[in-house]
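Everything on this sheet refers to the single structure shown next.
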Amino acid sequence: MRRTRGSTVQIESEAELARRLALRPTSLDGWRIRGVDLAGHIEALDVCRLDGATFIGCTAPDDAAVGLRARGALVVPEQRDLPLDPDRAALYTAAELYDTVIDGGSYAASLDARGYAWTQRLEERDVARIAALHDHAIDAALRAWVDAQAMPVVGVMGGHALARGTVEYADAVTLGRLLGGGHVVATGGGPGAMEASNLGARLAHLSDDVTDYALERLAQASSFRPSVDAWVLPALQIAAEAAQLSPVPAHTLGVPTWHYGHEPPNAFATAIAKYVGNAVREAVLLEICGAGIVVLPGAAGTVQEIFQDACENYYADESSVAPMVLVGRKHWTETLPAWPLLQSLARGRAMEAHVHLVDDVHQAAELIRSQPPRATADDLHAPR
């Protein structure tokens, strides 16, 4: 038995279950029982309140399983029948999410695609509860991953529609390379500017020739539409080749969501914290970026991220403010004029000296590198 965050108790053997039930608990709220044969414990379970209890991959007579559900327990089937593990202990990798593609199959059969199809049933009570458990587990795994990094985390936000082969895509790669030498680069984990930034950070310790080679190969499939397979396969190959050139790669993080199932995760993040719920994912991504954020041109989602981060900085004291650097003067003052409003919000606040508008990714990287991080990842959910 091991105790997890909060009051959750995880039980993974029949002997441990028997020991605890012998103490005659009145409620199993917070108990998570995994892979245990329940046949010999039904009578003991019958006298306990089961609201808040979870049975994952346990075996029991059919009528007993129905009874457990009827009394408020969450009964999760064997993991082979469930694409998302509600109790996983680690973040995802691109190889895991694209399992079938790596084996020569289609994206449509991959874990990522199966996960998206499953999340479309969130109106079902059990699916919604399992999804919540999964996101809770990803949250804990992300906390541990961030705490293990030796460098501060900086976020790069930007649009998913940015095509490979464009100057703007290459600029985002350059930004990732510039930041990746001294920071962990975190993005929303999707395509476009997010992929480019993760790619740049992944290749930060390799030569310019390697980056040029990667850009040339990726440009042959400029978008994940119409084919995710054609888009992701060269990326997976480049990531594998980069790992061979640098056995200890620069760590870079993606934080995508199955809420946007039409946007596949990029293959260049060394760790992927993929959530079902988008609201949790958005908040967590910004909270872990203690070294600040750089915002490349984007649309509605990127604007949301600007002002979600601005709200945290608006109410923060000087010691907790993290830099915000918007890249693209014309985009942020004319196309989507977020900058004037951001300036107005910042005026007279502790954040005023920490919001910037630049036209060049080199300037953005220098602003981030010149300022020490204003927050740490000691508590993933502590306000900045």
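The values are calculated or read from the model by the stated rules, or taken from the named source; none is laboratory data. None of the values given here were measured: they were computed from a predicted structure. A quick note on method: Cβ atoms are made from the backbone with ideal geometry, for glycine too, and the neighbour counts reach across all protein chains shown. Surface areas here come from the heavy atoms of the whole protein model, side chains and all, with no ligands, DNA or RNA. Shrake-Rupley method; radii C 1.70, N 1.55, O 1.52, S 1.80 Å.
State, to one decimal in nm, how far the label point of Leu336 lies from the label point of Ser207, with both points 7 Å from Cα in the Cβ direction.
In this crude label model, Leu336 to Ser207 measures out at 3.8 nm.
Any idea what the relative contact order of the chain is, in percent, if you count C-alpha pairs under 8 Å spaced at least 6 apart?
For the chain, the relative contact order is 14 percent.
Need the full-extension length gain, Asp37 to Ala89, defined as separation in residues times 0.36 nm minus the C-alpha distance. One decimal, nm.
16.5 nm
Once the piece of chain linking Ala148 and Val66 is laid out straight, how much longer is it, given 0.36 nm per residue of separation minus the C-alpha distance between them?
Full extension of this stretch gives 25.3 nm more.
Which whole-number percentage describes the relative contact order of the range 248-384, with Cα contacts under 8 Å and a sequence gap of 6 or more?
So the answer I get is 26 percent.
Rounded to the nearest 5, what % of DSSP beta bridges with both residues in the chain are antiparallel?
Around 10 percent of the beta bridges assigned by DSSP in the chain are antiparallel ones.
Keeping every protein chain present and rolling a 1.4 Å probe, give me the accessible area per residue for the range 203-337 in Å².
Per-residue accessible area for the range 203-337 comes out at 39 Å².
Please give, to one decimal in nm, the separation of the simple spin-label points placed at Tyr314 and Ala283, each 7 Å out from Cα toward the Cβ.
About 1.7 nm, to one decimal.
Show me 275-284, 321-330, 141-150 ranked by packing, highest mean number of other Cβ atoms within 10 Å first.
In descending order of packing, they fall as 321-330, 275-284, 141-150.
Ignoring ligands, DNA and RNA, what percent of the accessible area of the range 198-300 is carbon or sulfur (1.4 Å)?
After summing per-atom areas, the C and S share lands at 57 percent.
State, to one decimal in nm, how far the label point of Asp81 lies from the label point of Ala108, with both points 7 Å from Cα in the Cβ direction.
2.5 nm
Any idea what angle helix 167-180 forms with the longest principal axis of the chain, computed on alpha-carbon atoms, 0 to 90 degrees, nearest 10?
70 degrees
When the dipole is taken about the Cα centre of the chain, and only Lys, Arg (+1) and Asp, Glu (-1) are charged at their Cβ, what size is it in debye, to the nearest 20?
Dipole about the Cα centre, nearest 20: 580 debye.
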